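The values are calculated or read from the model by the stated rules, or taken from the named source; none is laboratory data. Fair warning: this is a prediction, and the values are worked out from it, not measured in the lab. Reconstructed Cβ throughout: ideal geometry from the backbone, glycine too, with neighbour counts over all protein chains shown. Only protein heavy atoms, including side chains, enter the accessible area calculation; ligands, DNA and RNA are left aside. Shrake-Rupley method; radii C 1.70, N 1.55, O 1.52, S 1.80 Å.
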Amino acid sequence: VKEGEAVLLKPDHFSKKPDGSPVDIVDDYMVPFFRKFTAAIRAEAPDSLIFLDRNTDFEDPLVAHAPVAPEMEGVVWAPHWYDLIPLVCKSFRSHIGIRKAIIPYPVLGNGNLVKEYSRQLQELASHAKLIGKRGAPTLIGEIGIPMDMKAGDAFKSGNWDLQISAMDTTLQALDMALLSATIWNYTPDNSNANGDGWNGEDLSIFSPDQHLDRKNIYSGGRALPAVIRPIAWRTAGDPLEMAFDLRDRIFTFKYKPDPEIRAATLIFVPQYHYLDQPPVVELSEGATSQFLPSHQMLKVWHASGGTDVVTVTLSPAKPFEALIF
């Protein structure tokens, strides 16, 4: 205490090592912790997969690098990613966002926004090559949008178009990057008043306060038209492109078939968007398919010696109104 004020005795205690060199929080602290944590878990469960996140710094993107740990095996690179404007400001404009860089600058137009967010996700995934001898698989550990944007207007109006647009923009980018993710989050005791019950956050895709129709399986859901979307579950080859046009409910998937694989490519076809009418399926020449409505699944087989790229397109058999908008 100096002149009645608390004063730090060592202002650089957390930023410099004892020898005076600067601290790298990932290499100096996170990697040693990862190693100790992994060893402790593997001592009890040798086959466990360990999920690693990054150090997130909104002000300095350069510190958010992946851990350089070539000796770590059996791990999954699971960094979190969010659209910063909705997350921090709790507002969203479908035509403007921010490019993450040393000097951030605006991105204009929804198409450009999706491309920029896809670039950010792909850049995150590229860091996985630093982990393990052959790199590590990537799963975006958290992705989502706040549901209480514009001071919770949707809670009163019942209009979730803003949340649907924000979630669709995020998941379009995820699809474009050909990555998998876990949506944050599902909180069964969420409420309009208290959100997810932690840190003022309200990102749950379900809330009892929106569960007004007990006979409707989708009642209580938030932004579901964007959340429940077609996706390629398993690919008999290498995925090349995946996109879902929410407005027209047209799903497009392209992949390069592996001639050694005879199993089918599996595509999730949600009843939410296609109801009880089988979707119109268009395939590349030589490919065949089977739709299993009870499983909400489309199986696609590529022809032996067929086209180098298989394209699958789904569209609704007839126009209809969304179940929740």
Checklist line | Within the accessible area of the chain (1.4 Å probe), percent carbon and sulfur | finding: 56
Item checked: Spatially proximal aspartates and glutamates relative to Lys156 (Cα-Cα < 17 Å; intrachain offsets below 8 disregarded) -> Asp148, Asp202, Asp209, Asp213
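Which FRET efficiency, nearest 0.05, do Cys89 and Ser304 yield, Cβ-Cβ r, R0 56 Å?
Details: r = 53 Å, r/R0 = 0.95.
That pair, Cys89 with Ser304, gives E of 0.55.
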Next item on the list: Starting from one equal scatterer on each C-alpha and no solvent at all, send me the Debye-based log10 I(q)/I(0) for the chain at q = 0.13 Å⁻¹, two decimals.
Entry: -1.15
Notebook entry, point to check: Per residue, what accessible area does region 67-117 have, given a 1.4 Å probe and all protein chains present, in Å²?
Noted result: 49
Next item on the list: Would you calculate a helix-derived [θ] at 222 nm for the chain, using -39,500 (n - 2.57) for each DSSP H run of n ≥ 4 and dividing by the full residue count, to the nearest 500?
Entry: -6000 deg cm²/dmol
Notebook entry, point to check: Considering only the other residues whose Cβ falls under 11 Å of the Cβ of Leu124, what net charge follows from Lys and Arg at +1 and Asp and Glu at -1?
Noted result: +1
Next item on the list: Return the Cα extents of region 1-149 along principal axes one, two and three, sorted largest first, each rounded to a whole Å.
Entry: 58, 47, 29
Check: Where does the Debye-calculated log10 I(q)/I(0) of region 103-224 sit at q = 0.21 Å⁻¹, using only Cα point scatterers of equal weight, no solvent?
Finding: -1.18
Margin query: What's the magnitude of the charge dipole for the chain around its Cα centre, counting Lys and Arg as +1 and Asp and Glu as -1 at the beta-carbon? Answer in Debye, nearest 20.
Written below: 420
Check: In the structure displayed, which of Lys254/Lys299; Lys16/Lys100; Lys36/Lys133 lie more than 22 Å apart, Cα to Cα?
Finding: Lys16/Lys100
Note to self: Run the paramagnetic zone check for Thr56: 7 angstrom along Cα to Cβ, then residues of region 171-186 with backbone nitrogen under 11 Å.
What the structure shows: 184
Next item on the list: Over region 235-279, give the accessible area per residue in Å² for a 1.4 Å probe, as an integer.
Entry: 50
Margin query: If a paramagnetic tag sat 7 Å from the Cα of Gln122 along the Cα-Cβ line, which residues of region 177-193 would have the backbone N under 12 Å from that point?
Written below: 177-179
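Mind checking the per residue accessible area of region 171-217 for me, 1.4 Å probe, whole number of Å²?
Values: 2810 Å² over 47 residues.
With all protein chains present, region 171-217 gives 60 Å² per residue.
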